[in-house]
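Q: This is the structure, below, for whatever I ask next.
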Amino acid sequence: MKQISRRDFLKLGGLSLLTSGALSFEGQFEKYKEQPIIYQGSSHFKRVALTVDDCYLVTMLQKLEEILDRHPEAKVTLFPVGKALLNNQQKDPGIWNRFYNNGHEIGYHSYDHTNPQVVSPENLVADFDQWLNALREVLDEEPTVRFARPPFGNASPSFLHMCKARGVVPTLWSTGWGGETENVVKYTVPKIKNGDIVLLHTRKSEIEATAQALPILAELGIQPVTISRIYLDWLKEQNETAGCYADPFSLSRTCIE
C-alpha cells in the first residue's frame, strides 16, 4: 500500500468523492469533516480485520508472532496500552519493530486503560501524546498511527474530541473471538462476514483460536488485513454509485462485479 500521512489518510474520504460531481469540494468537506466511528467494513470485499487489544502478555504476543509467521498473507492491528508497549519492549526488545516492519498496524488504546468517560478532553489528548511517545520509543522511529480504540469500548465525547484533535479514526468492532477456543472455532469463526472487525485480546484461548481460524479463513477466501485496508474498503462502499467506487489513491473509478 502506498505510504501516506495520517492527515492525508483522513482526507481520502473527501478525495475519493471528487469524481462524483455531486458536491463541491467545500460541500464534501463540510459533509465529511466529522469522522465517523468505524466498527465494520465493506461487505463487497472478502477481507476482515483481526485486532488485538491491551497486549499485556508478551508470551501471547510471541505466540501470535509465530502464528503470523506461518501465515505471512495475514495482517493484524494491535491496540496496545502505553504501559504494555514499554513493559514488553523490556521483556523482548524489538518485538514491536518486528510486528510493525512485517506490515502489521499499531493503534492507540490509551496509556494505562483508563475509562475515557472519566477523563477530560484535554487530558485525553495528553494521554494520546504520552502513548505516542511510548510507541516512538519502542520503534525508535516516527510511526504512522491512524486509528484509536477506547478502553471498554467507551467512545465518549471526550474520546471523540481527542480523535479529531489528533487526526485518528475512532474504531470499535463488529464481532469478537472471546471464550473457549473450541467454541470460538466451531461456532463463531464460521459466521464471520466480509468486513468484520474482530476483537481479540492476548489471552491463551483467543490466540489459540486465531491459529485455528486462519486456515479456515483461507479456505473461505477471506483475507485478514489491517484496519487501514478495511477503512479504505469502507470509504469505497460509502462513495460507490451504481456498483462503482472511486479509487482514493488515483481518482479513477472501478466497478464491483
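Q: Tell me, what ³J(HN,Hα) does each residue in the range 173-183 have, in order and in whole Hz, if you take phi through Karplus 6.51 cos²θ - 1.76 cosθ + 1.60 with θ = phi - 60° and put x for Gly and Pro?
A: Taking θ as phi minus 60°, the curve returns 7, 10, 7, x, 10, x, x, 5, 3, 4, 5 Hz for the range 173-183.
Q: When the label point is put 7 Å from the Cα of Leu172 along its Cα-to-beta-carbon vector, which residues of the range 39-59 have a backbone N closer than 12 Å?
A: Residues passing the 12 Å test: 39-40.
Q: Ordered by residue, what ³J(HN,Hα) values in Hz, to whole numbers, does the range 49-64 give under the Karplus form 6.51 cos²θ - 1.76 cosθ + 1.60, where θ = phi - 60° and Gly and Pro are x?
A: Using θ = phi - 60°, the values come out as 10, 8, 10, 10, 8, 6, 6, 6, 8, 5, 5, 6, 5, 5, 5, 4 Hz.
Q: Ok, one more. Would you mind classifying the range 99-180 by shape? Square roots of the alpha carbon gyration tensor eigenvalues, ordered a ≥ b ≥ c; an a/c under 1.5 is rounded, otherwise it is prolate if a/b is larger than b/c and oblate if not.
A: It comes out oblate by the Cα gyration axes.
Q: In addition: Give the calculated FRET efficiency between Lys164 and Asn87 to the nearest 0.05, with a Förster radius of 22 Å applied to their Cβ-Cβ distance.
A: Calculated transfer efficiency: 0.15.
Q: Regarding the range 49-163, what are the three Cα extents along the principal axes, ordered largest first, in Å?
A: Projected onto the principal axes, the Cα atoms of the range 49-163 cover 42, 26, 23 Å.
Q: Separation of the range 179-200 and the range 111-173 by C-alpha centroid, Å?
A: The range 179-200 and the range 111-173 have Cα centres spaced 27 Å from each other.
Q: So how do Trp234, Trp96, Trp173 line up by other beta-carbon neighbours within 10 Å, fewest first?
A: Ascending Cβ contact count within 10 Å gives the list Trp173, Trp234, Trp96.
Q: Considering only the range 40-243, what is the antiparallel percent among its DSSP beta bridges, to the nearest 5?
A: 5
Q: How far apart, in nm, are the 7 Å Cα→Cβ label points at Tyr187 and Gln130?
A: That separation, rounded to one decimal, is 4.0 nm.
Q: Let a ≥ b ≥ c be the square roots of the eigenvalues of the Cα gyration tensor of the range 40-243; is it rounded (a/c under 1.5), or, if not, prolate (a/b larger than b/c) or oblate?
A: Oblate, since a/c reaches 1.5 and b/c is not below a/b.
Q: Thr114 versus Lys204, label points 7 Å from Cα toward the beta carbon: distance in nm?
A: Spacing of the two 7 Å Cα→Cβ label points: 3.4 nm.
Q: A follow-up question, please. Rank these for me by crowding, Val198, Val58, going from fewest to most other beta carbons within 10 Å.
A: Val58, Val198
Q: Okay, next question. Rank-order 107-116, 66-75 by packing density, defined as the average count of other C-beta atoms within 10 Å over each peptide's residues, highest first.
A: Final packing ranking: 107-116, 66-75.
Q: Oh, and also: By its C-alpha gyration tensor, with a ≥ b ≥ c as the square roots of the eigenvalues, how is the range 73-116 shaped: rounded for a/c under 1.5, else prolate for a/b larger than b/c, else oblate?
A: Judged from the Cα gyration tensor, the range 73-116 comes out oblate (a/c at least 1.5, b/c at or above a/b).
Q: Under a plain spin-label model, where a point goes 7 Å from the Cα along Cα-to-Cβ, how far apart in nm are Gln223 and Thr59?
A: 3.5
Rule-based calculations on the coordinates, nothing more; no lab input. Bear in mind that the values here come from a model prediction, so they are computed numbers and not experimental data. Cβ atoms come from the backbone with ideal geometry, glycine included; neighbour counts cover every protein chain shown.
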